[in-house]
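First the structure, in the form of structure tokens, and then the observations on it.
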Amino acid sequence: MADLLSTLSLRETEIPNRIAVSPMCQYSCEPDGLATDWHQVHLGSRAVGGAGIVMTEATAVEPRGRITPSDLGIWSDEHAAALEPITEFIRDQGSVPGIQLAHAGHKASKSAAVGG
Ligand SMILES: Cc1cc2nc3c(=O)[nH]c(=O)nc-3n(C[C@H](O)[C@H](O)[C@H](O)COP(=O)(O)O)c2cc1C
């Protein structure tokens, strides 16, 4: 059995251990889908904690594909640029950033979460 803390090679990517942070919707964007300081801290702190892979929440490929208006998106260069410092920080911690590309299909475009 593979040791939890052993490295894992996936093609050219070397992952320092087998701990992966699951995608977790944060409902923390303004309705523009851009990553915020919240995402920097939420994802960055998991990398500081030593997870081998840190995944973004479900990140919509078009505005209407978001589950709620506060979800992350990556439908423009501006969206990619907002994520870049976060992925850079994750890499600086020795972790591997990942993104969950998403489209919520017929469950998309629900109301914003209350109290989130
Ligand atoms: C707050 C929260 C947000 C989540 N958001 C997503 C998401 O964006 N995409 C997804 O595929 N799963 C999402 N999930 C499910 C988790 O990624 C994960 O599959 C689930 O917590 C079960 O993990 P486990 O099998 O390690 O217990 C979310 C879970 C939680 C608790």
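Taken as a whole, the condition of being surrounded by fewer than 20 Cβ atoms within 10 Å (Cβ to Cβ), in contact (Cβ under 8 Å) with a residue 12 or more places away in the chain and basic (K, R) applies to R18. Looking for something closer than 23 Å to H106 by Cβ, out of contact with any Cys (no Cβ under 8 Å at 6 or more places or on another chain) and either among the charged types (D, E, K, R) or surrounded by 14 or more Cβ atoms within 10 Å (Cβ to Cβ) (or both) - is there at least one such residue anywhere in segment 37-55? Among the residues of segment 37-55, not one is closer than 23 Å to H106 by Cβ, out of contact with any Cys (no Cβ under 8 Å at 6 or more places or on another chain) and either among the charged types (D, E, K, R) or surrounded by 14 or more Cβ atoms within 10 Å (Cβ to Cβ) (or both), which makes the answer no. Taking every residue in segment 25-46 that is basic (K, R) and pairing it with any residue that is within 16 Å of the ligand (Cβ to nearest atom), at least 6 positions away or on another chain, the pairs with Cβ-Cβ distances below 6 Å are R46/V21; R46/V54.
The single residue among E84, E57 that is acidic (D, E), outside any loop (DSSP other than H, G, I, E, B) and away from the ligand (no atom under 13 Å from the Cβ) turns out to be E84. The one condition from (1) under 16 Å from the mean Cα position of the chain (by Cα); (2) without any contact (Cβ under 8 Å) to a residue 24 or more places away in the chain that H106 does not meet is (1).
Quick note: the coordinates plus some simple rules give every number you see, no bench work behind them. Values in this document were obtained by computation on a predicted structure and should not be read as measured data. Heads up, the Cβs are rebuilt from the backbone with ideal geometry, glycines too, and the neighbour counts pull from every protein chain shown.
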